[in-house]
Amino acid sequence: MLTEADLDRLRPRASEIAAAEGKRLAERTRASARMFEQASAYLPLGVASSFQTMDPYPVYLARGAGARLWDVDGNAYIDFHNGFGVTLCGHAHPKIVAAIDRAARNGTHFAAMTEAAVTLAAELCRRFQLDKVRFANSGTESTMEAIRVARAATGRSVLVKAEGAYHGHHDLVMISVAPDPGDLREPAAGPGDTAAGQISLPRVPFSKGIPEEIPRQVLVVPFNDIAALERVLTERGADIAAFIIEPVMMFAGIVLPEPGYLERVRELCTQHGVVLIFDEVKTGVNIAAGGATELFGVRPDLACFAKAIGGGVPIGAFGGRADVMEIIERGESHLGTFNGNPLAMNAGVAALTEVLTPAAHQHIAEIGTRLATGCRRALAENSIAAHVVDLGAKGGVGYRPTPLRNYRDSFDCAPEFADSSSAALMNRGVFQIPGDKGQWMLSVQHTAGDIDAYIQAFGDYCAMLTGGN
């Protein structure tokens with residue numbers, strides 16, 4: 001049986017591949033290097049979001065069509081990045097283009113309601129089993145507002161989150177997103193915070209600029225650990241407004257909920273009067289037509305959406321139980337100039353009602369399984385001790401023998417493998433989320449041929465890693 005020790009022996013080779021493939025990629029992307037130099041004069045790190053950084057510089061893209069991308073050097077790629085899961089419909093889908101064109105011709109912004117907003121709200125409620133919904137403009141706005149609604153509805157202020165989960169970049173959720181192993185010591189209690197210090201995992205800010213009092217408003221538990229959550233709710237339940245959780249964690253690798261975990265989370269939150277918030281920004285329509293609620297059969301009190309529900313344009317939404325959402329009618333102020341703008345509403349309606357049909361979801365499931373099967377075969381043929389996750393449009397390779405159970409398991413996934421595979425695949429025409437634990441994202445416009453091209457490129461990488469090529 002292959003073990004982590006087998007992977008450890010391959011680490012030096014992975015580093016060699018990363019260096020060689022990185023050099024080759026740099027030779028193929030000289031226009032990107034020049035653009036990076038120009039961009040760095042105006043943009044910190046030369047990018048619009050810190051997630052867009054790459055070493056030594058990002059590849060700058062020129063256009064996309066269908067399942068393909070072209071960079072500023074003219075290199076073509078099959079897109080398995082898909083904008084962190086935004087472009088489930090693929091690039092420039094004719095139905096999305098037509099919807100955007102209609103909005104552009106009729107007015108992209110009114111700061112007033114339109115018919116399209118009502119249509120999209122009804123579709124979101126239908127798909128995700130929501131009573132009421134409100135729109136926002138990003139995943140960050142959606143989680144920020146859902147948490148405030150939960151606080152208003154409960155009259156409590158403390159938030160519980162899972163270690164290693166990313167819920168956007170507002171202060172309250174930027175705690176223990178990706179702590180280093182050295183930060184994971186036993187938590188020390190702060191002033192007036194003795195109880196929380198005893199039951200919470202370390203609360204580590206993910207960014208500079210977060211006020212020191214923010215971590216005291218957050219309690220951190222391991223994913224897939226019901227006992228830890230039960231301790232927190234038993235000791236601090238009277239203070240806790242909400243537990244926000246990705247039903248499938250995806251920031252440090254794909255971490256599936258163990259059987260019965262989400263069901264017990266639901267029971268505990270109900271027992272303690274805590275609002276259960278599903279962050280479905282990444283899962284949403286990507287793992288099933290009706291998201292995690294459909295896939296796992298667990299209904300949260302509130303759920304947050306963004307990314308793929310807008311067909312490729314900026315959008316956000318949150319919604320859930322009527323009795324919770326109706327706090328907006330009784331004093332919780334949810335505002336936003338661009339909320340429900342016609343551009344996003346029309347694109348969203350087209351995406352969810354015209355493109356992401358049952359047949360489209362079936363196609364995605366089939367090609368996702370085809371890709372996962374091919375990657376498993378390549379790993380087995382080369383005796384590489386890694387695992388593969390197949391989850392609708394999402395999936396990926398995790399470089400450890402068994403699937404991740406929580407954030408700390410991701411420390412076993414050596415970055416050398418993600419870095420080297422990313423560069424190797426890009427040089428073979430596959431664009432993937434750089435260094436993100438080998439994750440892929442599919443679209444309705446991917447074909448079986450695109451999947452086979454990925455499998456071939458990944459097989460080449462596996463052979464290089466073990467000396468077979």
Area projected by the alpha carbon convex hull of segment 319-469, averaged over all directions, nm² = 12.7 nm²
Whole-Hz Karplus couplings 3J(HN,Hα) for segment 115-123, θ = phi - 60° and coefficients 6.51, -1.76, 1.60, Gly and Pro as x, run 4, 4, 5, 5, 4, 5, 4, 5, 5
Of the accessible area of the chain, computed with a 1.4 Å probe and all protein chains kept, carbon and sulfur make up a percent value of 52 percent
What is the calculated FRET efficiency for Ser40 to His170, with r their C-beta to C-beta distance and R₀ = 30 Å, to the nearest 0.05?
-> 0.65
Ranked by how many other beta carbons lie within 10 Å on average, peptides 4-11, 75-82 from highest = 75-82, 4-11
Where does the Debye-calculated log10 I(q)/I(0) of segment 1-142 sit at q = 0.11, 0.13, 0.20 Å⁻¹, using only Cα point scatterers of equal weight, no solvent?
-> -0.70, -0.89, -1.30
Counting only heavy atoms of protein chains, what accessible area per residue, in Å², does the chain have with a probe of 1.4 Å?
-> 41 Å²
Computed on Cα atoms, the radius of gyration and Dmax of segment 318-361 in angstrom are 14.7, 43
Is there a pair in Lys95/Lys307; Lys161/Lys208; Lys208/Lys282; Lys23/Lys307; Lys208/Lys307; Lys161/Lys282 whose C-alpha atoms are over 23 Å apart, and which pairs would that be?
-> Lys208/Lys282; Lys23/Lys307; Lys208/Lys307
Expressed in nm to one decimal, what extension gain is obtained for the pair Arg30 and Ser15 from 0.36 nm per residue of sequence separation less their Cα-Cα distance?
-> 3.1 nm
Express in whole angstrom the spacing between the alpha-carbon centres of segment 349-390 and segment 11-41.
-> 29 Å
Simple spin-label model, 7 Å along Cα-to-Cβ: Arg185 to Ser383 in nm?
-> 4.2 nm
Any idea what the alpha-carbon Rg over 2.2 N^0.38 Å comes to for segment 293-352?
-> 1.28
For Rg and Dmax of the Cα atoms in Å, the listed values are (1) 24.1, 77; (2) 24.7, 96; (3) 22.2, 66; which was obtained by calculation from the structure presented?
-> (3)
Roughly speaking, what is the centre-to-centre gap between segment 69-90 and segment 246-276 when only Cα atoms are used, to the nearest Å?
-> 32 Å
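The values are calculated or read from the model by the stated rules, or taken from the named source; none is laboratory data. What you see is a predicted model; the values in this text were computed from it and never measured. For neighbour counting, all protein chains shown are included, and Cβ atoms are generated from backbone atoms with ideal geometry for every residue, glycine included. Just the protein is used for accessible areas: all its heavy atoms, side chains included, with ligands, DNA and RNA removed. Shrake-Rupley method; radii C 1.70, N 1.55, O 1.52, S 1.80 Å.
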